[in-house]
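The values are calculated or read from the model by the stated rules, or taken from the named source; none is laboratory data. This structure is a prediction, so every number in the text was calculated from the model and none was measured. For neighbour counting, all protein chains shown are included, and Cβ atoms are generated from backbone atoms with ideal geometry for every residue, glycine included. Keep in mind that these areas ignore ligands, DNA and RNA; they rest on the heavy atoms of the full protein, side chains included. Shrake-Rupley method; radii C 1.70, N 1.55, O 1.52, S 1.80 Å.
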Amino acid sequence: QVQLVESGGGLVQAGESLRLSCAATGPTFRSYAVGWFRQAPGKEREFVGAISWNGGGTSYPPPVRGRFTISRDNARNMAYLEMNNLKPEDTALYYCAASRATMTGSRTDEYDYWGQGTQVTVSS
């Protein structure tokens, strides 16, 4: 069993940066792929990136590619989402998720464990 807790959200102005953290419990986390998603009010949950179990592979969708970077520290059971040049349309509740697979994609059903989310609000 893996439990995930996100932190680092907040209110920022457009153009600023934030770093979200995902703290995991359980020794198996280091063998799981991690994804980050976001959900704005009235919208579906949206994929913002994933990282393989060892950090060797990452993927990002076009809206965030070049601005967002995912990393992980398996020794500390942590994953991170670095967000630069934030835009008002990035405003959402951000979730981290873990999958028993070694690398995953953009579908929510690929992930086995979810955190409760951390709110990111970007003002213009």
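Net charge of the neighbourhood of residue 23, taken over other residues with C-beta under 10 Å away and scored Lys/Arg +1, Asp/Glu -1, is 0. Counted residue by residue at 0.36 nm each, then reduced by the alpha carbon distance between them, the extension gain from residue 13 to residue 102 reaches 28.5 nm.
Stretching residue 5 away from residue 45 to a fully extended chain increases their span by 12.6 nm, per 0.36 nm per residue minus the current alpha-carbon distance. Would you mind telling me the share, in percent, of accessible area of segment 1-86 contributed by carbon and sulfur at probe 1.4 angstrom? Answer for segment 1-86 is 48 percent, counting heavy atoms of protein chains only. Rounded to the nearest 0.05, what FRET efficiency is calculated for residue 58 and residue 25 with R0 set to 22 Å and r the Cβ-Cβ distance? Once rounded, the FRET efficiency stands at 0.40.
Once each of the trypsin sites (Lys or Arg not before Pro) sitting in a DSSP loop with at most 13 other beta-carbon atoms within 10 Å is removed, the chain keeps 1-42 as its longest stretch. Using only Cα atoms, locate the centre of segment 86-103 and the centre of segment 19-39, then give the distance between them in Å, rounded to an integer. Segment 86-103 and segment 19-39 have Cα centres separated by 10 Å.
Of the three principal axes defined by the Cα atoms of the chain, the extents in descending order read 41, 25, 25 Å. Over segment 40-118, accessible surface divided per residue gives 51 Å², non-protein components excluded, 1.4 Å probe.
Applying the criteria of a DSSP loop state and at most 10 other Cβ atoms within 10 Å to the GluC sites (Glu not before Pro) of segment 1-98 yields 44.
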